[in-house]
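Since every read-out is calculated from the coordinates, none of them should be taken as a lab result. All values reported here derive from a predicted model rather than from experimental measurement. Here Cβ is always computed from backbone atoms with ideal geometry, including for glycine, and neighbour counts include all displayed protein chains.
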Amino acid sequence: MSRARYRKRRIWGLVASILLVAVLVFTNETMWQPAVPSPTPTGTPSGKAAELLNTLPIKGRAPKTGYARTQFGDGWAVTAGCDTRNIILHRDLKDPIVGDGCKVLSGTLDDPYTGKTIVFTRGASTSDAVQIDHVVALSNAWQTGAQQLAPDKRVALANDPLELLAVDGPANQQKLDGDAATWLPSNKAFRCQYVARQIAVKAKYSLWVTVAEHDAMLRVLSLCPAQELPSA
């Protein structure tokens, strides 16, 4: 065989090898699929309350300057014709009776804050017996990061079932804007769940805790280290 023919055969062999590699690469789907990013946790946090507490930033309270209830929406939001207050009443009361416009007319509340049983009847002089508490008081939320949230995010916070509980009216009035360092439910059996709910809300909306608040939460959870976070 002449040197010219030998060289030609080597060139064609090299070309064939390159084409074979190209075919194998382009027919391997997994090599050309875009990388799928790891899922980012969204929605309501889950797991142990004490573990999540350790992830919350600890800072001092920001000034209350600019705070108003309207920073979190003009009253309760309306979803599918029902306002948030009546949605929570329907969730938390036993045997609720509902009238026109989704209004809860009556029911019975096993109050988590006091441990009392409260018979709820809608009326001008009776409705306040059961109130809807923002577990993380809105003014507390404002001073621990909520003023940095977009307005629609603040409205979502104020109407999030995770943030809301139907409770004894006088107990809610006593709490005002207190955090865990200044107010806890008199019903000690509920304190772990209460603190866990505050932690879940703060984590979900990127809020922080103060040193005193963090330490108070930690003291409560030291009695219930396995306390899970609420789902809603």
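Before moving on, here are some points about what is shown:
- Entries in K64/K116; K59/K116; K103/K175 that, when Cα-Cα distance is taken, lie over 31 Å: K64/K116; K59/K116
- On a per residue basis, the convex hull of the C-alpha atoms belonging to region 141-193 measures out at 102 Å³.
- Amide proton proximity set for V98, modelled H, under 5 Å, gap of 5+: L105
- Length gained on full extension, A68 to S46, computed as 0.36 nm times the residue gap minus the Cα-Cα distance: 4.9 nm.
- Approximate spin-label separation Q174-A232, in nm, with each point projected 7 Å along Cα-to-Cβ: 3.1 nm
- Linear extension gain, T79 paired with T108, 0.36 nm per residue minus alpha-carbon span: 8.1 nm
- Rounded to the nearest Hz, the phi-derived 3J(HN,Hα) couplings of region 126-139 under the Karplus curve 6.51 cos²θ - 1.76 cosθ + 1.60 (θ = phi - 60°) are 10, 4, 6, 4, 10, 10, 9, 8, 7, 4, 8, 3, 4, 5, where x marks glycine and proline.
- Estimated inter-spin distance, T117 and A150, nm [label 7 Å along Cα→Cβ]: 4.7 nm
- Gyration tensor verdict on region 74-232 (Cα atoms; rounded if a/c is under 1.5, prolate if a/b is larger than b/c, oblate otherwise): oblate
- For region 170-232, the square roots a ≥ b ≥ c of the C-alpha gyration tensor eigenvalues yield an a/c under 1.5, which makes the shape rounded.
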